[in-house]
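Each remark here refers to the structure printed beneath this line.
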Amino acid sequence: MAAMAHRFRPRSITLRDGATLRVRPLQPADKDLLTAGFERLSEHSRYRRFMSPMPRLPPALLASLTEIDHRDHEALVAIDRASGHLSGIARYIRSTDDPEAAEVAVTVADDWQRRGVGRVLLELLTDRARREGIRRFTALVLADNRSAMGLLSTLGDTEVRPGGSELRLAIELPAHRGIGAQLAEALRAAASGALVARRAPLPPASIGRPIRTVVVGTDGSETAARAVAVAVELAARAGGRLHVVSAHRTAGRAPRATAALEEAGAAAREAGLDAITHARGGNAAEVLVAVALEADADLLVVGNRGMTGVARHLLGSVPDRVSHHAPCSVLIVRTTGARAT
């Protein structure tokens, strides 16, 4: 009963331009509302929110975004009273390692941006977080986004994970009220695209859940061939589906991706599987995560090393990014003789 005392009470908010919004907690019954709001977002807005291509909201992700406890995971929605459309949403997810910290994300519909919706939602969410014992918000920026480093270094303490591809920004919340200058500046950074928010995590697969859909990445390398062999074996044993993915950064590399898929497809057919292949342009990790989401995968398989030279360096970051953003369990296959990573 004590937890109920902190629940957010719905209220009406009038913006500077006279528009009126109703702000209330997100509920499980809001799946259609959230889906409609997602579909109104531009491709660029979707990418900034989820850090990967996101053509649609898969059922598992939609469930994890709406079926929340309102303590460790809170989400507030702003609904336009005139149209009933979703104008924006703000959420925090408490860290499992630090109960006084939570990742924060604010998303505003494209046609409502720069009207004060994000600021209103962040102020209300910050108040909710304080009431639940949260003392700081964290957010992420890609570590290779050099243009954002100078700005973000003025906002709060930063931490770079060893070998990671992201920089974590931690901003202390004002003790009593308001969002403070640092959080307000971070909100402006997010609006400009300098700051990004991690996609809300999917619920972990239940122990003992059977593997029905396996996704594996390949670039035609020896490491990838080993990962494909493991994925084929797992899918065959489970009698499940296999999706094989190959990403290419430029059109000139598309034939190589196609050849890698043909080789993997042949290996699958030998095991009695009819693999579904995906050749897509873009960053390998982002493409893998996107296909795993679309396929509602139970397992994503990648190799732990790439080829030689620059290609090896680029692929080496794929397991790291995939392990942080995949919507399912991830299996990183070691190549014989490879050093531990």
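Descriptive notes on the structure:
- Selection status of E103, modelled with pLDDT of 75 or more, of a type in the set (D, E) and either part of a strand (DSSP E or B) or not assigned by TED's automatic domain parsing to the domain that holds E67 (or both): yes
- Residue match in segment 258-274 (condition: closer than 28 Å to L61 by Cβ and surrounded by fewer than 17 Cβ atoms within 10 Å (Cβ to Cβ)): yes
- Flag if G252 is surrounded by fewer than 22 Cβ atoms within 10 Å (Cβ to Cβ), assigned to a helix (DSSP H, G or I) and either modelled with pLDDT of 85 or more or assigned by TED's automatic domain parsing to the domain that holds A229 (or both): yes
- Meets criteria (surrounded by fewer than 17 Cβ atoms within 10 Å (Cβ to Cβ) and modelled with pLDDT of 80 or more) for E286: no
- Selection within segment 86-100 - surrounded by fewer than 21 Cβ atoms within 10 Å (Cβ to Cβ) and either closer than 15 Å to L26 by Cβ or touching a residue at least 40 places away in the same chain (Cβ under 8 Å) (or both): I93, R94, S95
- Residue selection: V245 satisfies the criterion of being part of a strand (DSSP E or B) and within 25 Å of the chain's Cα centre (by Cα).
- Pairs, first on the phi > 0 side of the Ramachandran plot and outside the structural domain of E39 (by TED's automatic domain parsing) in segment 59-73, second of a type in the set (K, R) and in a helix (DSSP H, G or I), C-beta under 7 Å, six or more apart: none
- Residues in segment 244-260 that are closer than 15 Å to V301 by Cβ and out of contact with any helix residue (DSSP H, G or I) (no Cβ under 6 Å at 6 or more places or on another chain): A260 only.
- Considering segment 1-39, the residues that are among the small types (G, A, S) and surrounded by fewer than 16 Cβ atoms within 10 Å (Cβ to Cβ) include one that is modelled with the lowest pLDDT, namely A2.
The values are calculated or read from the model by the stated rules, or taken from the named source; none is laboratory data. Keep in mind the model is a prediction, meaning the values are calculated, not measured. Don't worry about glycine lacking a Cβ; one is built from the backbone with ideal geometry, like all the others, and counts go over all protein chains shown.
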